[in-house]
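Take a look at the structure below.
The values are calculated or read from the model by the stated rules, or taken from the named source; none is laboratory data. Small disclaimer: the values here were computed from a predicted structure and weren't measured. Quick reminder, even Gly has a Cβ in these numbers, built from the backbone with ideal geometry, and neighbours come from all protein chains shown.
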Amino acid sequence: MSISVKYLEELGVDKETAEKIFAERSKEIEADKVKREKLEEELKETKTSLETLTTELETVKTNSKSAEEVQAKLDALVAEREAEKKQAEADRILKEKTDKIASRFETVKGDRKFSHSAVEADYLKKFGEALESKDYDCFTDIKKSSEAKGFTFIASLLVVLKDFKSIIR
């Protein structure tokens, strides 16, 4: 039930006093309306600010993840590059070693020809093993080989190489 001037008159309040009560109450209601509008405006600004901050937070999270992903990719690329450098260095060392062994083998072989390229490749392999290994004795194998009968010169050079193995390395 709403209170009106008529209701207050029925309760025994004179009309002038009832109107003063309503005038005062109207001022309070107006002040409350202004407070309410101000609070609604503050609420609206707070909601807008919250939405802006939420958007910024999401952007930061996305950028953070992106930065982390970029850093992870960068780290992976750096590690891959380092592995490639190590592999390239290992390949270079192996090639130098192989070229050095082939050059020495060609020097020992001289003008002589093998009956087949596979035989020559086998002798090159054994020659390299002889230079690399302290345990492997290919000299006996070469001397026993039927192919090596014509190459006693190579076998004798290999024996000399065996004695000077530490110098050649």
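Do you know which of the residues in region 1-25 that are surrounded by fewer than 11 Cβ atoms within 10 Å (Cβ to Cβ) and in a helix (DSSP H, G or I) is modelled with the lowest pLDDT? Once the filter is applied, the top-ranked residue is K6.
The test for being among the acidic types (D, E) and either at pLDDT 85 or above or more than 40 Å from the chain's Cα centre (by Cα) (or both) does not hold for E68. Residues in region 15-56 that are among the aliphatic types (A, V, I, L, M), under 18 Å from V5 (Cβ atoms) and out of contact with any Leu (no Cβ under 9 Å at 6 or more places or on another chain): A23, I29.
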